[in-house]
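Trainee: First, the structure itself, so that you have it in front of you.
None of the figures in this text is laboratory data; all of them are computed from the coordinates on show. Please read these numbers as outputs of a predicted model, since none were measured by experiment. Please note: Cβ atoms are built from the backbone with ideal geometry, for glycine as well, and neighbour counts cover all protein chains shown.
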Ligand SMILES: [Fe+2]
Ligand SMILES: [Fe+2]
């Protein structure tokens, strides 16, 4: 299995922006939290989260298509590569999320963005954030307009986890690493 250290090294080779690094950490932490809840391999899910946007900064027009080539550099197993590519399903590729790990990634990629944007609006940032405050921002379509609410809804149905539970787990996971993500 590829270690987190090796994965992080690859991430940093292809991504220099701090906000992308923070996003990768958010998705990693949230994937870990869901793996724990489901009794799955936390390290395995976490690496997928950490590396999911590996090709975004340098190859935005080939997002999820260039990734396999970059991930092969560290011999990432094919099923983790498949999972990574599937987060762009119907947005930038046609790799469908079929396994549980893939459905969760698909859903929380956008959701972490909404929670992050919500935290930026609060003086306390992640501290004491409630599901309700995120839902309020969800309903305000002008807020974090780039976050695709429909996709989160679709993902929630795909993985069979209700929206409030998705939000709560994401909040908990991001609160744990708030210092590392500047919140
Ligand atoms: Fe992406
Ligand atoms: Fe992402």
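Trainee: How far apart, in nanometres, would the label points at residue 154 and residue 36 be if each is projected 7 angstrom from Cα along the Cα-to-Cβ direction?
Mentor: 3.1
Trainee: Something else now. Calculate the tail of P(r) for the chain: the fraction of all Cα-Cα distances greater than 30 Å, expressed in %. Write down the numbers at each step before the final one.
Mentor: Details: 1932 of 16653 pairs.
Within the chain, distances greater than 30 Å cover 12 percent of Cα pairs.
Trainee: Just to verify a number: FRET efficiency for residue 127 and residue 9, C-beta to C-beta distance, R0 = 35 Å, to 0.05? Please list the in-between numbers first.
Mentor: On the way: r = 31 Å, r/R0 = 0.90.
Result of the calculation: an efficiency of 0.65.
Trainee: Over the range 4-176, calculate the relative contact order: mean separation of alpha carbon pairs under 8 Å at least 6 apart, over the residue count, as a percent.
Mentor: Numbers: 218 pairs, mean separation 36.7, N = 173.
Dividing the mean separation by the residue count of the range 4-176 yields 21 percent.
Trainee: Helix-only estimate, please: 222 nm mean residue ellipticity of the chain, summing -39500 (n - 2.57) across DSSP H runs of length 4 or more and dividing by its residues, to the nearest 500.
Mentor: On the way: 9 runs with 113 residues, N = 183.
-19500 deg cm²/dmol, from helical runs alone.
Trainee: Same structure again: Can you tell me the FRET efficiency between residue 143 and residue 168 if r is taken as the Cβ-Cβ distance and R0 is 25 Å, rounded to the nearest 0.05?
Mentor: Values: r = 20 Å, r/R0 = 0.78.
E between residue 143 and residue 168, to the nearest 0.05, is 0.80.
Trainee: Just need the Rg to Rh number for the range 1-54, please, alpha carbons only, Kirkwood Rh. Before the final figure, lay out each step's value.
Mentor: Values: Rg = 10.8 Å, Rh = 11.0 Å.
My calculation puts Rg/Rh at 0.98.
Trainee: Can you compute the FRET efficiency between residue 69 and residue 1 using 1/(1 + (r/R0)^6), with r the Cβ-Cβ distance and R0 = 22 Å? Round to the nearest 0.05. Let's see the in-between values first.
Mentor: Numbers: r = 20 Å, r/R0 = 0.93.
The calculated FRET efficiency here is 0.60.
Trainee: Once you have the Cα-Cα distance between residue 179 and residue 43, take 0.36 nm times their residue separation minus that, and quote the gain in nm to one decimal.
Mentor: Details: separation 136, 0.36 × 136 = 48.96 nm, distance 2.07 nm.
Gain in length upon complete extension: 46.9 nm.
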